[in-house]
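No value in this document is a laboratory result; all are computed from the given coordinates. Predicted model, so just to flag it, every value in this text is computed and none were measured. Note that we place each Cβ from the backbone using ideal geometry, even for glycine, and neighbour counts take in every protein chain shown.
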Amino acid sequence: MSNQDPDYSHAEGQSLRGYGQPPTYNGNQHDDGQPRAVPGGYHQQNLQNYGSQPGEHVGFSEAIKSFYSKYAQFSGRASRSEYWWVFLYLAIVSTVISILGVTVGTNAPGEPNGIGELLSILELIFGLVHLIPNLALGARRLHDTNRSGWFQLIALIPFLGIIVLLVLFALSPKREGARFDR
């Protein structure tokens with residue numbers, strides 16, 4: 001080695017950063033050790049605690065797992081894809097139970113038989129069991145748009161309230177919603 005070549009020696013366990021060596025990257029941190037922000041102002045380390053990142057698309061199964069694992073968690077945020085996949089799941093299950101109740105659970109004159117009554121009770125239980133997690137997911141989705149979860153009360157206004165609430169759920173995430181991550 002000549003006198004002009006830089007010394008690339010290093011202590012054991014430290015990375016060698018110099019000519020011919022690629023820089024080392026930690027996916028969750030900048031070179032200065034700070035957490036790496038993702039779209040919407042989230043940090044990667046908060047993903048497990050607060051739901052999916054704004055702008056981060058989750059798949060159907062991942063959204064359902066998150067829905068049940070955060071059964072009554074009203075803090076944090078939920079992405080649009082997380083909310084709408086769960087919305088689709090709940091709509092499909094409710095529709096299947098209803099269709100079965102009408103087709104299999106009725107007699108010829110249209111009166112419910114034993115199976116129909118059982119399916120009606122099953123649909124009621126399904127709705128009640130999913131009421132709290134559905135409200136929690138709605139609150140997290142509204143947090144992602146920088147609104148309080150209490151905005152869900154707007155659904156109490158007949159017809160118009162539900163439409164306004166669906167529009168709010170469809171809005172894009174806002175950085176300011178990070179205040180709900182605490």
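General observations
- Cα centroid separation - segment 109-129 against segment 135-182, whole Å: 31
- Placing pseudo-labels 7 Å out from each Cα toward the beta carbon at Leu88 and Leu153 gives an inter-label distance of 3.3 nm.
- Per-peptide average of other Cβ atoms within 10 Å, ordering 99-108, 82-91 highest first: 82-91, 99-108
- ³J(HN,Hα) computed for each position of segment 89-102 - Karplus, 6.51 cos²θ - 1.76 cosθ + 1.60, integer Hz, glycine/proline x: 4, 5, 5, 5, 4, 5, 5, 4, 5, 5, 5, 4, x, 7
- Per-residue ³J(HN,Hα) for segment 161-166, Karplus 6.51 cos²θ - 1.76 cosθ + 1.60, θ = phi - 60°, Hz, x for Gly and Pro: x, 5, 5, 4, 5, 4
- Close amide H pairs (under 5 Å, H built 1.01 Å from N) link Thr106 with Asn113, residues at least 5 positions away or on another chain.
- Working from label points 7 Å from Cα in the Cα-to-Cβ sense, the Leu124 to Glu176 distance is 4.4 nm.
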